[in-house]
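The values are calculated or read from the model by the stated rules, or taken from the named source; none is laboratory data. All values derive from a computational prediction rather than experimental measurement. Here the Cβ positions follow ideal geometry from the backbone for every residue, glycine too, while neighbour counts run over all protein chains shown.
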Amino acid sequence: MTEVIVIGAGVIGLSVALMAQSRGLSVTVVDREGPAAGASAGNAGAFAFTDILPLASPGILRKAPKWLLDPLGPLSIPPAYAVQIAPWLYRFWRACSPRAVAASTTAQTTLMDLSRAELEPFLSATGTLGMLRNDGNLQVYEGEAELKASLPGWAAREAHGIEFRHMTAAEMAVVQPGLAPRFTHGTFTPGWFSIADPKDYVLALADRFREQGGTILQAEIAGLDPKDGNMHLRTSGEALVADKIVVAAGAFSRGLVASLGERIPLETERGYNTTLPIGALDLRCQITFGGHGFVVSRLSSGIRVGGAVELGGLNLPPNYKRSEAMLQKAKAFLPGLKTVGGVQWMGFRPSLPDSLPAIGHSRVSSQIVYAFGHGHLGLTQSAGTARLVADLLTDRKPPIDLTPFNPHRF
């Protein structure tokens, strides 16, 4: 039986492990902290299949200078990290050209369509379908000008068959009461799914994986050594050997890739949030405050206020003033929100310059498969990524063209 090691026990790694198990492979998962310890635990819980537009776009270039002037705004680069991230920013700038954005949008749409098609069968197979919700998402705007600025993006979504409807303030109040009067327009996307709680979901995947004979090891990984036809994994404990390896370690994947002598421009978006107690707000659907770079979402564990982008790497200490700033804004935007008793969190999102993940083989060996760089969309694209990686592991033809996701495209 083919032995596979999956590095990473987040939503991507465990989804891949379960899909590989379903193909008859023997799978071991290795993670530095264990299941659901990273970004998979603290995300907004959304399957954002309508988010086909890349972060890299002309629109973000127009907003970025204003945002960067506010150290607590939607986009921040700590001065201590600015020089280190400069090459990534240059690639990001190149990915903002209209031609590049069109190509990324098309590729993102194909992965979204596959992920949506794979989701419910995957949830059913793993016993987690009962966690799925379909509450929709409300994007809100401060004035007609902000709505008009968003219309090209909605036209792109419409061209790809995504359902939505624009709303007046009165119509928004029916969907979600309690918004501040400053929000005069909105757009509701009914095809927006979420999970009851992302951490509980990933832990449930880990339990199912173990029940089916899988092993999860906690170990610090020093590097990969392909030799003698096998894949050798150097860890803080015993050395591990497998026939094939999947690197799905999120933002920590860059160091593993580097141990093979490969360079992939993976960077870290540090995401912040505060999870308030259940009952902090009568929230009917997820609300996206796009002009301010954060969302408010309803989970079984409470109300989560979070988002924004801080390009600060893996080693700088957290700046929880960012969480506090978003919470203060949320209180102003939703006056009924009770902001006491919250728990703050910071996690690492793995981000590539063109907003597309890396899914494909290592140049060093076809026995190594990469699956990382999903940015804000790891949960959303987890089932689709698992299908693609399982196909690569079993030498089947993937259902979509993987050229746009080639790890070496840069």
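Results, tabulated for the structure shown:
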{"item": "Matching entry among Gly360, Gly384 (being assigned to a helix (DSSP H, G or I) and assigned by TED's automatic domain parsing to the domain that holds Arg409)", "result": "Gly384"}
{"item": "Residue among Ala64, Ala41 that alone is at pLDDT below 95 and touching a Lys or Arg at 6+ places or on another chain (Cβ under 8 Å)", "result": "Ala41"}
{"item": "Breaking point among (1) at negative phi; (2) out of contact with any strand residue (DSSP E or B) (no Cβ under 8 Å at 6 or more places or on another chain), for Ser355", "result": "(1)"}
{"item": "Boolean, Asp31 is in the same structural domain as Ala222 (by TED's automatic domain parsing), within 30 Å of Gly223 (Cα to Cα) and within 20 Å of the chain's Cα centre (by Cα)", "result": "yes"}
{"item": "Entirely in the range 227-305, the strands (runs of 3 or more DSSP E) that have 1 or more residues that are modelled with pLDDT of 95 or more, of a type outside the set (Gly, Ala, Ser) and under 24 Å from Pro87 (Cβ atoms)", "result": "244-247, 267-276"}
{"item": "Residue pairs meeting the criteria (Cβ under 8 Å; at least 6 apart or on separate chains; first more than 23 Å from Thr394 (Cα to Cα) and in contact (Cβ under 8 Å) with a residue 24 or more places away in the chain, in the range 19-47; second part of a helix (DSSP H, G or I) and polar (S, T, N, Q))", "result": "Phe47/Ser115"}
{"item": "Selection from the range 306-332 of residues that are assigned to a strand (DSSP E or B) and not hydrophobic (A, V, I, L, M, F, W, C)", "result": "Gly306, Gly307, Glu310"}
{"item": "Positions within the range 117-154 being small (Gly, Ala, Ser), within 20 Å of the chain's Cα centre (by Cα) and within 30 Å of Arg210 (Cβ to Cβ), in sequence order", "result": "Ala117"}
{"item": "Meets criteria (assigned by TED's automatic domain parsing to the domain that holds Val6, closer than 20 Å to Gly271 by Cα and at pLDDT 95 or above) for Gly373", "result": "yes"}
{"item": "Of the criteria (1) touching an Asp or Glu at 6+ places or on another chain (Cβ under 9 Å); (2) loosely packed, with under 13 Cβ neighbours inside 10 Å; (3) modelled with pLDDT under 95, which one Ile77 fails", "result": "(2)"}
{"item": "Which numbered condition Asp354 misses (of (1) surrounded by fewer than 23 Cβ atoms within 10 Å (Cβ to Cβ); (2) assigned to a loop (DSSP other than H, G, I, E, B); (3) charged (D, E, K, R))", "result": "(1)"}
{"item": "Members of the range 300-323 that are out of contact with any strand residue (DSSP E or B) (no Cβ under 7 Å at 6 or more places or on another chain) and either buried (at least 20 other Cβ atoms within 10 Å of the Cβ) or without any contact (Cβ under 8 Å) to a residue 12 or more places away in the chain (or both)", "result": "Asn315, Pro317"}
{"item": "Those residues of the range 239-263 which are surrounded by fewer than 22 Cβ atoms within 10 Å (Cβ to Cβ), more than 15 Å from Val4 (Cα to Cα) and in contact with a strand residue (DSSP E or B) (Cβ under 6 Å, 6 or more places away or on another chain), in sequence order", "result": "Ser259, Leu260"}
{"item": "Residue in the range 301-320 that is farther than 24 Å from His374 by Cα and not assigned by TED's automatic domain parsing to the domain that holds Arg91 present", "result": "no"}
{"item": "Tally, over the range 117-141, of residues that are surrounded by 17 or more Cβ atoms within 10 Å (Cβ to Cβ) and touching a helix residue (DSSP H, G or I) at 6+ places or on another chain (Cβ under 9 Å)", "result": "12"}
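For (1) closer than 20 Å to Pro357 by Cα; (2) in the same structural domain as Gln139 (by TED's automatic domain parsing); (3) more than 19 Å from the chain's Cα centre (by Cα); (4) not hydrophobic (A, V, I, L, M, F, W, C), each residue gets a yes or a no:
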| position | (1), (2), (3), (4) |
| --- | --- |
| Gly8 | yes, no, no, yes |
| Ile12 | yes, no, no, no |
| Arg23 | no, no, yes, yes |
| Ser40 | yes, no, no, yes |
| Gly45 | yes, no, no, yes |
| Phe49 | yes, no, no, no |
| Pro74 | no, yes, no, yes |
| Phe92 | yes, yes, no, no |
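Residue-by-condition table, conditions (1) assigned to a helix (DSSP H, G or I); (2) under 30 Å from Arg304 (Cα atoms); (3) charged (D, E, K, R):
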residue: Ile5; (1), (2), (3): no, no, no
residue: Gly34; (1), (2), (3): no, yes, no
residue: Ile60; (1), (2), (3): yes, yes, no
residue: Lys66; (1), (2), (3): yes, yes, yes
residue: Ala82; (1), (2), (3): yes, yes, no
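One line per residue, one yes/no per condition, for (1) of a type outside the set (Phe, Trp, Tyr); (2) surrounded by fewer than 20 Cβ atoms within 10 Å (Cβ to Cβ); (3) farther than 30 Å from Leu393 by Cα:
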{"residue": "Gly178", "(1), (2), (3)": "yes, yes, yes"}
{"residue": "Asp200", "(1), (2), (3)": "yes, yes, no"}
{"residue": "Asp228", "(1), (2), (3)": "yes, yes, no"}
{"residue": "Leu266", "(1), (2), (3)": "yes, no, no"}
{"residue": "Tyr272", "(1), (2), (3)": "no, no, yes"}
